[in-house]
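Peer 1: Sharing a structure, written as structure tokens. Questions coming.
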Amino acid sequence: YLGQDYPLIIGGERITTEDKIVSYNPAKKTEVIGRVSKANKELAEKAMQAADETFKTWKKVDPAIRADVLFKAAAIIRRRKHEFSALLTKEAGKPWAEADADTAEAIDFLEYYGRQMLRIKNGQPVESRPGEYNRYDYIPLGIGIVISPWNFPFAIMAGTTVAALVTGNTVLLKPASTTPVVAYKFIEVLEQAGLPAGAVNFVPGSGAEVGDYLVDHPKTRFISFTGSRDVGLRINQRASVLNDGQIWIKRVIAEMGGKDTIVVDKEADLELAAQSIVKSAFGFSGQKCSACSRAVIVEDVYDTVVNRVIELTNTLTVGDPSDFNNYMATVIDQAAFNKVTEYIEIGKGEGRLVAGGTADDSVGYFIQPT
């Protein structure tokens, strides 16, 4: 189904717009994965109204029935596991091992959040003294805005969406603009699993137009965001402002990228340390929050570890992720390619280049492990 058109989904209704987000294969820049309709403020408002109306009934559905939707969705994805993983290699440029793990994690999230809902659906035990009756219940909050990332376009997108849904909230899902097709396919699975129309609404669009509008909206109850520090801080700041008609403090869940360090002491298993540095730095081309950006190594073992890291790095294969032999594939798009190559030049200026450094964006966005 490469190259197809995909609509918005608002209150169960398919809406096609002239303005499209075009999703390309980062390993083959000319291959179109899909053209996805793009929401604007008016359609975002329509989705907000649909979510608001559906919340009135969805919040009253037995939590066990809501959990069952997640279990059914997990079963459907298990049957289609390799299809979803293949889509991730195409749309996100994920090497197969990473794509397979991304799909597995999405299934795990469905199972985990469903089972957690069954565990907490009757509240928590609290003590009551004579003459008192105390109880502890969980209640759905309302409408959640899920702004999901491209680096785990299935697992994090699905996990943040269903955690909100199973607890009785309704969701407006704005997936990353580079990976919207896998999100659309996931919404289809939720519909097949019995999720009612309007419980989740698919509204891809620009962060500046749709993202800001939904974050600011007085009916937004919470925002779940995964992405860059700068965008996360911007969301947190905007969500803290009380807008006209808003009757609560919005909650923000923000998972933001950073710089991760591996520290190696002289008593460490040096082979394991070297292997861990290489896997962490270059798995999925370093495009994840767990990626090792720097290693701090005790002087006594510094040369031993660095030389082994260089040896291991030079064995890594780079190429199209649909070839199982390639350990590394592409970075996600031209902007990422430019950013990484700029950092390589900064690195050459500040220190010495010991491996890699070559980059080629003629066919896809390929950069050697550096």
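Peer 1: Step by step: first the residues of the stretch 306-323, then only those that are of a type in the set (D, E, K, R) and part of a helix (DSSP H, G or I), then the one that is surrounded by the most Cβ atoms within 10 Å (Cβ to Cβ). Which residue is that?
Peer 2: Start the filter on the stretch 306-323 by keeping residues that are of a type in the set (D, E, K, R), which leaves 308, 311, 320, 323.
Then drop every residue that is not part of a helix (DSSP H, G or I), which leaves 308, 311.
Details: Arg308: 18, Glu311: 12.
Looking at residues that are of a type in the set (D, E, K, R) and part of a helix (DSSP H, G or I), I get Arg308.
Peer 1: What residue, of Pro204, Pro196, Pro180, is open to solvent by less than 10 Å² (accessible area, probe 1.4 Å) and out of contact with any helix residue (DSSP H, G or I) (no Cβ under 6 Å at 6 or more places or on another chain)? I'd like the intermediate steps shown before the answer.
Peer 2: On the way: Pro204 fails: out of contact with any helix residue (DSSP H, G or I) (no Cβ under 6 Å at 6 or more places or on another chain); Pro196 fails: open to solvent by less than 10 Å² (accessible area, probe 1.4 Å).
So the residue among Pro204, Pro196, Pro180 that is open to solvent by less than 10 Å² (accessible area, probe 1.4 Å) and out of contact with any helix residue (DSSP H, G or I) (no Cβ under 6 Å at 6 or more places or on another chain) is Pro180.
Peer 1: Quickly run through the stretch 197-223 and pick out the residues that are β-branched (Val, Ile, Thr) and not in a helix (DSSP H, G or I).
Peer 2: Val200, Val203, Thr220, Ile223, listed by residue number.
Peer 1: Answer yes if at least one residue in the stretch 227-246 is out of contact with any Lys or Arg (no Cβ under 6 Å at 6 or more places or on another chain), in a strand (DSSP E or B), among the β-branched types (Val, Ile, Thr) and closer than 21 Å to Ala158 by Cβ, and no otherwise.
Peer 2: Scanning the stretch 227-246 turns up no residue that is out of contact with any Lys or Arg (no Cβ under 6 Å at 6 or more places or on another chain), in a strand (DSSP E or B), among the β-branched types (Val, Ile, Thr) and closer than 21 Å to Ala158 by Cβ.
Peer 1: Another question about this same structure. How many residues, within the stretch 332-352, are open to solvent by 80 Å² or more (accessible area, probe 1.4 Å) and not in a helix (DSSP H, G or I)?
Peer 2: 1
Peer 1: Sticking with this one: For the stretch 213-270, give me each residue that is hydrophobic (A, V, I, L, M, F, W, C), open to solvent by less than 20 Å² (accessible area, probe 1.4 Å) and free of Cβ contacts under 8 Å to residues at least 40 places away in the same chain.
Peer 2: Matches in the stretch 213-270: Ala239 only.
Peer 1: Take Val296 and tell me if it is assigned to a strand (DSSP E or B), modelled with pLDDT of 95 or more and open to solvent by 40 Å² or more (accessible area, probe 1.4 Å). Quick ask: steps written out before the conclusion?
Peer 2: Details: assigned to a strand (DSSP E or B): yes; modelled with pLDDT of 95 or more: yes; open to solvent by 40 Å² or more (accessible area, probe 1.4 Å): yes.
So Val296 fits the description; yes.
Peer 1: Looking at Ala73, Ala44, Ala39 in this structure, which one is crowded, with 21+ Cβ neighbours inside 10 Å, part of a loop (DSSP other than H, G, I, E, B) and under 21 Å from the mean Cα position of the chain (by Cα)?
Peer 2: Ala39
Peer 1: Let me ask you something else. I'd like the residue in the stretch 105-143 that is small (Gly, Ala, Ser) and without any contact (Cβ under 8 Å) to a residue 40 or more places away in the chain and, out of all such residues, is least open to solvent (accessible area, probe 1.4 Å). I'd like the intermediate steps shown before the answer.
Peer 2: To start, the set of residues in the stretch 105-143 that are small (Gly, Ala, Ser) comprises 106, 114, 123, 128, 131, 142.
Checking which are without any contact (Cβ under 8 Å) to a residue 40 or more places away in the chain leaves us with 123, 128, 131.
Working: Gly123: 12, Ser128: 55, Gly131: 92 Å².
Filtering first and then ranking leaves Gly123.
Peer 1: Of the numbered conditions (1) crowded, with 17+ Cβ neighbours inside 10 Å; (2) of a type in the set (Gly, Ala, Ser); (3) in contact with a strand residue (DSSP E or B) (Cβ under 6 Å, 6 or more places away or on another chain), Gly286 satisfies every one except a single condition; which is it?
Peer 2: (3)
Peer 1: Could you figure out which of (1) part of a helix (DSSP H, G or I); (2) in contact with a helix residue (DSSP H, G or I) (Cβ under 7 Å, 6 or more places away or on another chain); (3) modelled with pLDDT of 95 or more isn't true of Thr160?
Peer 2: (2)
The values are calculated or read from the model by the stated rules, or taken from the named source; none is laboratory data. Keep in mind the model is a prediction, meaning the values are calculated, not measured. Backbone-built Cβ (ideal geometry, glycine too); neighbour counts: all protein chains shown. SASA here: full protein model, heavy atoms, side chains in, ligands and nucleic acids out. Shrake-Rupley method; radii C 1.70, N 1.55, O 1.52, S 1.80 Å.
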